[in-house]
Amino acid sequence: TTNQSWGGRFSEPTDAFVARFTASVDFDRRLALHDIQGSRAHATMLARVGVLSEEERDAILGGLDEVQAEIEAGTFEWSVALEDVHMNIEARLTEKIGITGKKLHTGRSRNDQVATDIRLFLRDEIDTVAAELTRLREGLIELADREAETIMPGFTHLQTAQPVTFGHHLLAWQEMLARDQERLLDCRKRVNVLPLGAAALAGTTYPIDRHVTAELLGFDRPAENSLDAVSDRDFAIEFTAFASTLLMHLSRMSEELVLWTSAQFDFIDLPDRFCTGSSIMPQKKNPDVPELVRGKTGRVYGHLMGLLTLMKSQPLAYNKDNQEDKEPLFDALTTVQDCLKAFADMVPAIEAKADNMREAARKGFSTATDLADYLVCRGVAFRDAHEIVGQSVAYGLAEGKDLSDMSLEELRRFSDVIEQDVFEVLTLEGSVAARNHIGGTAPDQVRAAAQRAREALAAL
Ligand code: ARG
């Protein structure tokens, strides 16, 4: 026998390297408070069904309070020899309250314990992420409302396509995030299920009441199957898939912010506090925050692949492989929270350079489609209208003129149905205002969409 908690059947101590190699306390101590939360509920349930006496329960709860206070004060001494967060806490509890501490693990295994801890932990983190996502969406909606009339070029293939309003563009971002938030809240439902009671894999012989434990911990229900309860980590994969999709979106936004702050676009300004300089080029102001968000996307994708691969060949039920679920999940969480905070702080501070945006929209024949539509309204078939406008654009390119710079006479060379009123549709304002239906870029539609987005957020 060795002095380990499972040492009874062993005849020699663990190899020193193996002890370090198999230990997880250096990272799973991040679960400490949720481990204690789970243990409180377990002890309370055990007393309710008569497996523990009320005195034993009270001793355990009192001891757990003291252990928690030590952890919060930073005075708790974590020991790698005790392997993981669960055994560290249990050992300290037993040091404090004696043999009763050893009764806490009745009817429980570290397998259902760790699955419970991760779910409790992740549920709290999901709520924090959701609140930050809400803050970012609110910032986008308010900025969009303010910039409902600001005109910029809309792009396809990163070539000038048609004028849009900046508010409309910002609300496109908001829509992406709204779907991400839905995905997150949907994932939370599957996180919020109680593994405890599954014990090692088959359940336990004690007369436990898993509904009590579930209710004490705020879980919707006990997990249906004990084998699945200890081995399932798809809730963590699902969270990481959400995180990957969110980061993919934040990365696209970052890419646009980086482009827009360049001297060549010059559409927006980011306040200095979100940028850094160059140690060699004195003129530089670099958009480091969006660049870094774009860069951090890769590690979150990596964690998703890592978790999927971790799970793909595991036979039921628990395997030690599962210990490898924590670091990717923790890092995905930290990354998502940092990136969301960066964006939620930065978005309300974006300053639109409306004159530059407008000037850019004027270039590149962005109202060519409007001219074609104008011709169609005057009886020209769309394909012919397309050809006529194509010829006017070719002429404009040769002469260095935008469509709206041409005289009526010049325009009429291409079609005699064109009259003076053509200039109403060739203006940028006329172009965006004409797209006046739900989902369109007209300023009135942007303001209405912002209002609907506010209401959708309030209803969450
Ligand atoms: N540290 C382990 C983990 O993270 C806890 C469960 C260990 N269970 C076991 N039977 N070794 O998965």
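Counting the residues of region 1-25 that are closer than 20 Å to ASP35 by Cβ and among the basic types (Lys, Arg) gives 0.
Might you check whether a residue that is of a type in the set (Asp, Glu) and within 16 Å of the ligand (Cβ to nearest atom) occurs anywhere in region 93-100? Step through it out loud before you land on a result.
Narrowing region 93-100 to residues of a type in the set (Asp, Glu): 95.
If we keep only those that are within 16 Å of the ligand (Cβ to nearest atom) as well, we get none.
So far as region 93-100 goes, no, none of its residues is of a type in the set (Asp, Glu) and within 16 Å of the ligand (Cβ to nearest atom).
Residue selection: PRO290 fails the criterion of being more than 16 Å from the ligand (Cβ to nearest atom), modelled with pLDDT under 95 and farther than 19 Å from LEU184 by Cα.
Scanning region 167-214 for residues that are within 16 Å of the ligand (Cβ to nearest atom) and out of contact with any Ser or Thr (no Cβ under 8 Å at 6 or more places or on another chain) turns up just one, THR204.
Quick one: in region 296-324, which of the residues that are touching a residue at least 40 places away in the same chain (Cβ under 8 Å) and among the aliphatic types (A, V, I, L, M) is farthest from the ligand (Cβ to nearest atom)? Walk me through how you get there before you give the answer.
If we filter region 296-324 for residues that are touching a residue at least 40 places away in the same chain (Cβ under 8 Å), which is where we start, we get 296-297, 300-301, 303-304, 307-308, 310-311, 314, 316-320, 322-323.
Among the residues that remain, those that are also among the aliphatic types (A, V, I, L, M) are: 300, 304, 307-308, 310-311, 316-317.
Details: VAL300: 21, LEU304: 19, LEU307: 14, LEU308: 18, LEU310: 11, MET311: 13, LEU316: 14, ALA317: 10 Å.
Here the residue is VAL300.
Looking at region 10-19, can you tell me whether even one residue there is in a helix (DSSP H, G or I), out of contact with any Leu (no Cβ under 7 Å at 6 or more places or on another chain) and over 29 Å from LEU329 (Cβ atoms)?
Going through region 10-19, the residues in a helix (DSSP H, G or I) turn out to be 16-19.
Retained after the next criterion (residues that are out of contact with any Leu (no Cβ under 7 Å at 6 or more places or on another chain)): 16-19.
From what's left, over 29 Å from LEU329 (Cβ atoms): none.
Within region 10-19 (the criterion being in a helix (DSSP H, G or I), out of contact with any Leu (no Cβ under 7 Å at 6 or more places or on another chain) and over 29 Å from LEU329 (Cβ atoms)), the answer is no, since none of the residues qualifies.
Select from region 45-81 the residues that are assigned to a loop (DSSP other than H, G, I, E, B) and not polar (S, T, N, Q) and list them in ascending order.
Of everything in region 45-81, those that are assigned to a loop (DSSP other than H, G, I, E, B) and not polar (S, T, N, Q) turn out to be VAL49, GLY50, VAL51, LEU52, GLY74, PHE76, GLU77, TRP78.
Filtering region 325-342 to residues that are of a type in the set (Lys, Arg) and more than 16 Å from the ligand (Cβ to nearest atom) leaves only LYS341. In the set ARG252, ARG294, ARG299, ARG273, only one residue is buried (at least 18 other Cβ atoms within 10 Å of the Cβ) and assigned by TED's automatic domain parsing to the domain that holds LYS189; that residue is ARG294. Going through (1) in a helix (DSSP H, G or I); (2) more than 14 Å from the ligand (Cβ to nearest atom) one by one, VAL114 falls short only on (2). GLU83 satisfies every condition listed in (1) of a type in the set (Asp, Glu); (2) within 16 Å of the ligand (Cβ to nearest atom); (3) free of Cβ contacts under 8 Å to residues at least 60 places away in the same chain except (3). The criterion of at least 1 residues that are of a type in the set (Gly, Ala, Ser) and farther than 22 Å from MET406 by Cα is met, among helices (runs of 4 or more DSSP H) falling completely within region 298-395, by 326-346, 354-362.
The values are calculated or read from the model by the stated rules, or taken from the named source; none is laboratory data. Since the model is a prediction, treat every value here as computed from it, not as a measurement. All Cβ positions, glycine included, derive from the backbone under ideal geometry; neighbour counts span all protein chains shown.
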